[in-house]
Amino acid sequence: MAFGIDKSRTTVIFVTREYMEKVNAGRSTNDYCCMEFHYAMDRQTPERVIACVIDEDMANKDTWDGEFRIRWCGIPLLVPMHSEVEPTNAEIAELARRIRETIAQHQL
């Protein structure tokens, strides 16, 4: 996990309420979601992190709380992907576009 984050020019975090709650539970829980989130946020700059919002109730950043909210310095790049059953082709295309755009802006 660490090697992949270190070698990446961007990180996509799939935002769900459950993921936020795991992050907010703290590093002492030995939860991989929590460890992955903190490592990515420590290693990447905020403009290189993409929040892909899966849960519709998480689409508004004002509903985020705790450590999860604090760690998003500045305005995160939000990509909504909260269709009823599975992502639409348009949502997938938008996420791919944002990933390519972020990578292009942050060449190694």
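The values are calculated or read from the model by the stated rules, or taken from the named source; none is laboratory data. From a predicted model like this one, the values you see are computed outputs, not experimental measurements. Backbone-built Cβ (ideal geometry, glycine too); neighbour counts: all protein chains shown.
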So in the stretch 28-82, with the set limited to residues that are touching a strand residue (DSSP E or B) at 6+ places or on another chain (Cβ under 8 Å) and of a type in the set (Gly, Ala, Ser), which one is farthest from residue 12 (Cα to Cα)? 59
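For residue 60, state whether it is free of Cβ contacts under 8 Å to residues at least 24 places away in the same chain, at positive phi and surrounded by fewer than 17 Cβ atoms within 10 Å (Cβ to Cβ).
no
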Of all residues in the stretch 67-91, which are modelled with pLDDT of 85 or more, surrounded by 11 or more Cβ atoms within 10 Å (Cβ to Cβ) and more than 15 Å from the chain's Cα centre (by Cα)? 87, 88, 91
Could you list, in sequence order, all residues of the stretch 92-102 that are buried (at least 16 other Cβ atoms within 10 Å of the Cβ) and aliphatic (A, V, I, L, M)? 95, 99
What pairs come out if I take residues in the stretch 1-25 that are closer than 24 Å to residue 83 by Cβ and pair them with residues that are of a type in the set (Ser, Thr, Tyr) and surrounded by 15 or more Cβ atoms within 10 Å (Cβ to Cβ) whose C-beta lies under 7 Å away, six or more apart or interchain? 10/102
Taking helices (runs of 4 or more DSSP H) that do not extend beyond the stretch 3-108, which have at least 2 residues that are of a type in the set (Lys, Arg)? 17-25, 89-105
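Condition check ((1) of a type in the set (Phe, Trp, Tyr); (2) more than 17 Å from residue 102 (Cα to Cα); (3) surrounded by 14 or more Cβ atoms within 10 Å (Cβ to Cβ)) across all residues:
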site	(1), (2), (3)
1	no, yes, no
4	no, no, no
9	no, no, yes
18	no, yes, no
22	no, yes, yes
32	yes, yes, no
37	yes, yes, yes
42	no, yes, no
